[in-house]
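Below is one structure, written out as C-alpha cells; comments come after it.
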Amino acid sequence: MDRPQGSGGLPHPAASAVERPDRRTGRQDHPARRQTGARLTLRVPLAKLPQTPFSRRGLRAGLMEFVARMKKQSGPIWAFLTQRNNNGAARVGLAATALVAAGAALSFALWQPFKADVPPPTGALTAPSDPDVTMPLAGFRAAQAQKATKATVGDEHPDLAVSPDDLAVLLHVTGRHAEAEPFFRQVQEITRQSLGETHPDYARSLENLIELLKATGRHDETEPLCRQAMEIHRQALGEAHPDYARCLNNLAGLLRAIGRRDAAEPLYRKSLEITRATLGEVHPDYANGLNNLAGVVKAPSRNDEAESLYRQALEIDQQTLGETHPDYATGLNNLALLLDTTGRHDEAEPLFRQALEITRQTLGETHLTYGNRLRHLALLLRDTGRYDEAVPLYRQSLEITRQTLGEPYPSYVIGLSTLARMLKSMGRYDEAEPLYRQAAEITRRALGETHPTYAIRLDSLAGLLKAAGRHDEAEPFLRQALEIERQALGETHPTYARRLNNLADLLRILDRHDEAESLLRQALEITRETRGETHPTYATHLDNLAELLRVTGRHDEAESLLRQALEITRAARGETHPDYATRLNDLALLLKAAGRYDEAEPLYRQALEITRATRGETHPTYATRLNNLALLLDTTGRYDEAEPLLRQALEITRQARGETHPTYATRLNNLGNLLDTTGRHDEAEPLYRQALEIDRQALGETHPTYATDLNNLALLLKAAGRYDEAEPLYRQALEITRQARGETHPTYATRLNNLGNLLRVTGRHDEAEPLLRQALEITRVTLGETHPAYATHLNNLGDLLRVTGRHDEAEPLLRQALEITRQALGETHPAYATRLDNLAGLLYATGRYDEAEPLYRQALEIDRQALGETHPTYATRLNNLAELLNTTGRYDEAEPLSRQALEITRQALGETHPTYATRLNNLGDLLRVTGRYDEAEPLSRQALEIARATLGETHPAYATRLDNLAKLLSATGRHDEAEPLSRQALEIARATLGETHPAYATRLDNLAVLFMTQGKWAEAEPLMAQALEIYKAALPADHPFITQSQQDLATIRANLARE
C-alpha cells in the first residue's frame, strides 16, 4: 500500500525551485561602505528622465538639477556622479544617459521627476513610457553620445571610453552578457592605448570586465585579471593605498565565491591590516574590514572566531558611533545573522529586535533599511516555524520596499518571491501563486524573457505548480527556464546545473526516470567541473542522484553516492550543520528501504539531535525528523515508541503550519496508519478522514495526494470488512491518478493493484485478474523486470492464481518475484522473507510440505535477524510454520510455536487486535485437533469476541470465528449450539461476499458436514450440492475442494438412497 511517508519533509537544497534572498546585508553590503572595483551604475525610471542633449557638455548641464537632488538622497550616488577624470574636472559618466534611458525596463523607481536646465536640441528623442522600446533607445542614446564625444575630443581620447563602457554596463545589468563583453574589452583597449597598462584607470577598466566574467561563471578568466588589476594598483599607488586594499578585498571576494575560502582569508587580513595602519583600530572602516573577515571565516568549525570578529567590530562602532547609530544597528544585525545561522535563535532574536528599534528611531518606519531589518526578523521567525508572526512582518517589509523603490525594483520582486515561498510552505497555494506570477511578470517587463533572473522567476512558479500537483503546467516553465539559462550563461554554468536538477526532480515525480537520470548526471558533472568535488553543492547533486537511484531500486549505487555526499558535507559544513543532518536522514532512508534498520536508526537519531540543537523543537524540520524516526520504529514493530513521536510531530506541524496545511494532513495519515496497524480502527478512521478533507480543500479533488488519501481510507475500510464503502474510494483514487499521471504511471499500477486485491477478497476473481495483470505490465514497462515493485505485482498476481487453484500458473510467478527481490534487496531483507513465505504457502497448499518447510524456516530466520523476535511479522512467520507442523501431525513442535506467536502478538498489538484473535483461533484449532476441547473452547470464544468488538458482526473474519467455534462444538456433540453459529456464519458470508464466492461455498460445506454428522442427509444434500457448484465455477477442476465436495455429496446421496 502506498501511504505517504513524510520522509525528508523538506526538499534537497539544490532541488529548491526558488532563490533565497541574500540575508547577509548590513555593513558588508552597504553601498557606502562596500569595497568593490565595479563602477556604480545609476538607475532611474524612464518617466523621470531629464530631456538631455546628446553631447557631454549638454549632458552635464542637463543633469545639474538631478545631481543636486542626488547629493541629498544618497552619498554613494553623489560620489559616483562626482568622479574625477584625468584632467581633474568633475564629470558624469554616460551611464546617466544610457542606463537612465533603460530605467523603465529596469524600473528602479527612486526619485521624483525633474527637468533639465538646458533644453534638448531640436529633434532630440524624448523618453518613451513603453518599456518595450526602452532598450533600443538606450543603445541609440549611448551610440549618439559616443559619436558626439568622438567628434569633440578625437578617436584616442580617454573620455571616448566612457560611452562604450556605459553601454557595456547597460547590456551587462540586463543580462545581455555576450553583447556587453566586446564593449568592455573596447574600453579596456582604449584605456590601454591612451594611458598605458600601468595606469590605475586601466586597472579599473579591468575591474569592470571582471564583474561580467564573474556574473557568467568564468572564474578561471576572472582571477588573473583580478590579480593584474591588483598589481597595477600596487605599483602605481603602493601597498598602503586604500585602492590596493580594495583590490585585495575584491580578489578575496572572488576566491570566497568559488569556494577557495582558505585563499581568500589572507587577502582579507592583508586588506584589514592596511586599513589598520592607515586609519587605526578604532575607525569605522576597520570595523568594516573585521566584518568582511568574519564573513570568510564563518564556518561551523570557526564560528567562534567569526563571532569574536563581529563582536569586536560591534564594539568599535559602539565607541565611535554610539548605540543609536544606524551602523551600530548594522553590526547588531550582522552578529544576529551569524547566531541565527548557527541555530542560536534565542540569542539572535533580541539583537534583530534591537537593530530594528534603532533603525526605526533613527531612520523611521518607512526607510528601506527598516524594511530590511523587518525582513531579517521575519526570516528568523519563519525558520523557527513561527509563520503566523513572520508573514505580517514580511508583508510590512515588502510594502516599505514597494513605496520606497517601486514595484519593479529587484528587492521588491525578490520579496514577492520570498513571501510567496512562505505562503507555499504554509500550504496557502492560492495566495502564493499570484505573487509568483507578479514577480515573474515584473521581471519579464524589466529584463526581458532571455534574462537569467526571469528564468529564476519561472523556476519558482514551476515549483509552486509542482507542489500543487499541476505537473503539466510546471514542466514547460522549467524547460523555458532551462533554455534561458543555457543561452545566457552556457551549459557549464552552476546555475544551469541547478535548472537541470529542478527539471529532473519533476521528471522523477512523474516516474520518467531515464530522462531524470540523464539530467541529474549532467548537473553533477557541471558542478564537479565548476566547483570541485569538495563543494557542498556537489554533495547536494550527489544526494539528488542517489534519491533517484533509491527510487529505482539501485540501492548499492545510491549508498555510495550518499556516503560521499555525507563526507563532503561533514568536511565543508561540520557535523552540527543542518545540511549534515539532511545527509544523515537521506542515508538512513536508504538503509531503511534496504532493510538495514539497525544501521538506519542511529543516523535518524543523530539527524534529529542536530536539528533540535540548530533549529529548535518547534521547527517543522524537527517534526519531519521525529516523523522519520517514528516510521522506522513503526516498521520494526516498536509501536509504543513510535506513537508519541508521531503525536509530537503532528502537534509541532499544527502549531507551525496550521491545521489546513497538506503537511499536517500527512502527519495525520502517518499516525492513522499506526493506529490502523495496531487495530485501533475507530481512532484511525477520523484521522484519515480529516487528512482527506484538508487535502481536498488545499489541493483539490484532482490532486494525486488526494488520491493517496482516498486509497488510505479505503485500505482501512477494507480491513474492517466494509467493502461496499471501500470500493468507490478505490475507484475514485484510480480515476484521479489516471487523469493526473496517465495510465502508464507506476502509481496508476498501484491503484489498479489495490482495487484488484479488493475484488479478489470479495471473490470477484474474473474482475480482479485483468487489473492485476495490467498493473504488472505497467510496472514492467516503466520500472523494468528487475525492480522490487515488479516483484510485488508478480507476487500479487501469483497469490490470486493460488487462491483460485491455478497453482501451475502461480508458482513460476512467485519464484520470479523471489529471485527479483533477492537480487534487488538481498537475502537478508524482510521483503525477501515475505517472498519465501508466499512461495512456501503455495507449496503447502499443494501438499509439498517437505519443500515448504525449509522456506518457512528461512523466512523466519531472516525476520528474526532483521526485525527481532518481538515483531508482529516474526509472529506471523512462527504461525505459518506452526500451521504446517500441525497439518503434518507434528503437534508437539507446532504448539510452542503457536503459543510464542500468540504472546508476541499480544505484547506488540494488544489483546483486542484482530490478529491476536487469529492467533487464538489457530492455537484453539490445534488443541481441538489434539482432542483438548476444554482448552480449545475458551480460546475460540475469546477470538470470536475480539472479532466482534473490533470488526463487527458482519465482517467475514467474524464469520470464520463463528464457523470454527461451531466445528469445536460439533466435535463435542453439542450440535444444537453449533448449528445457529454455522448458519449465522453462512448469512454473513452471503451478505458480505455474495453467493458465488468460494468462502460462501465453504460455509455451505461446513453446515452440510454438521448435518452429515447428525445423519440429517436430506438437509445436508442441497447445501453440499450448492457448495460444489460454486467451487466448480470459481476454482479449477482439479482443486481439492471440488474433489472433497464431490466425495461428500456422493456419500450423502448414497445414504439418502438407503433411507
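Against the criterion of being touching a helix residue (DSSP H, G or I) at 6+ places or on another chain (Cβ under 9 Å) and at pLDDT below 90, residue 455 does not qualify. If you go through the range 402-435 and pick out every residue that is under 19 Å from the mean Cα position of the chain (by Cα) and part of a helix (DSSP H, G or I), you end up with 12. Restricting to the range 865-896, name every residue that is in contact with a Phe, Trp or Tyr (Cβ under 6 Å, 6 or more places away or on another chain), free of Cβ contacts under 8 Å to residues at least 40 places away in the same chain and in a helix (DSSP H, G or I). Within the range 865-896, 881 is the sole residue that qualifies.
For every residue, the table says whether it meets (1) in a helix (DSSP H, G or I); (2) not assigned by TED's automatic domain parsing to the domain that holds residue 342.
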{"site": "264", "(1), (2)": "yes, yes"}
{"site": "285", "(1), (2)": "yes, no"}
{"site": "295", "(1), (2)": "yes, no"}
{"site": "299", "(1), (2)": "no, no"}
{"site": "304", "(1), (2)": "yes, no"}
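Only residues that are more than 20 Å from residue 317 (Cα to Cα) and small (Gly, Ala, Ser) were counted across the range 276-303, and they come to 2. Would you call residue 821 under 40 Å from the mean Cα position of the chain (by Cα), over 15 Å from residue 880 (Cβ atoms) and either among the charged types (D, E, K, R) or surrounded by fewer than 17 Cβ atoms within 10 Å (Cβ to Cβ) (or both)? For residue 821, the condition - under 40 Å from the mean Cα position of the chain (by Cα), over 15 Å from residue 880 (Cβ atoms) and either among the charged types (D, E, K, R) or surrounded by fewer than 17 Cβ atoms within 10 Å (Cβ to Cβ) (or both) - is not met.
Name the residue that is modelled with the lowest pLDDT, counting only residues in the range 338-366 that are crowded, with 17+ Cβ neighbours inside 10 Å and among the acidic types (Asp, Glu). Of everything passing the filter in the range 338-366, 340 is modelled with the lowest pLDDT. Take the conditions farther than 24 Å from residue 645 by Cβ and of a type outside the set (Val, Ile, Thr) and apply them to residue 607. Does it pass? So residue 607 does not fit the description; no.
Of 531, 583, 554, 479, all but one fail to be surrounded by 24 or more Cβ atoms within 10 Å (Cβ to Cβ) and basic (Lys, Arg); the exception is 583. Among residues of the range 201-235 being without any contact (Cβ under 8 Å) to a residue 24 or more places away in the chain and among the charged types (D, E, K, R), the one that is surrounded by the most Cβ atoms within 10 Å (Cβ to Cβ) is 218.
Tallying residues that are aliphatic (A, V, I, L, M) and under 23 Å from residue 406 (Cα atoms) within the range 335-373 yields 3.
Scanning the range 427-460 for residues that are free of Cβ contacts under 8 Å to residues at least 40 places away in the same chain and more than 18 Å from residue 408 (Cβ to Cβ) turns up 428, 430, 431, 432, 433. Is there a residue in the range 307-319 that is over 30 Å from residue 617 (Cβ atoms), in contact (Cβ under 8 Å) with a residue 24 or more places away in the chain and assigned to a loop (DSSP other than H, G, I, E, B)? No, the range 307-319 contains no residue that is over 30 Å from residue 617 (Cβ atoms), in contact (Cβ under 8 Å) with a residue 24 or more places away in the chain and assigned to a loop (DSSP other than H, G, I, E, B). Quick one: is residue 256 at pLDDT below 95 and more than 30 Å from residue 214 (Cβ to Cβ)? For residue 256, the condition - at pLDDT below 95 and more than 30 Å from residue 214 (Cβ to Cβ) - is not met. Taking the range 310-337 as the range and being within 22 Å of residue 573 (Cα to Cα) and either outside the structural domain of residue 288 (by TED's automatic domain parsing) or out of contact with any helix residue (DSSP H, G or I) (no Cβ under 6 Å at 6 or more places or on another chain) (or both) as the test, only 337 passes.
So is residue 580 under 18 Å from the mean Cα position of the chain (by Cα) and either closer than 30 Å to residue 788 by Cα or among the aromatic types (Phe, Trp, Tyr) (or both) or not?
yes
Here the range 291-314 is the region considered, the condition is being surrounded by 18 or more Cβ atoms within 10 Å (Cβ to Cβ) and closer than 10 Å to residue 335 by Cα, and the residue that is modelled with the lowest pLDDT is 291.
Test residue 983 against the stated conditions and say whether it is among the basic types (Lys, Arg), modelled with pLDDT of 90 or more and either under 16 Å from residue 1013 (Cβ atoms) or not in a helix (DSSP H, G or I) (or both). Yes. For residue 792, are the conditions met, namely being within 30 Å of residue 1033 (Cα to Cα), of a type in the set (S, T, N, Q), within 31 Å of the chain's Cα centre (by Cα) and assigned to a helix (DSSP H, G or I)? Answer is yes for this residue. Each residue in the range 697-721 was checked for being farther than 18 Å from residue 676 by Cβ, out of contact with any Asp or Glu (no Cβ under 8 Å at 6 or more places or on another chain) and not in a loop (DSSP other than H, G, I, E, B), and 5 pass.
The values are calculated or read from the model by the stated rules, or taken from the named source; none is laboratory data. Since this is a predicted model, take the numbers as computed values, not measurements. All Cβ positions, even for glycine, are placed from backbone atoms using ideal geometry, and neighbour counts span all protein chains on display.
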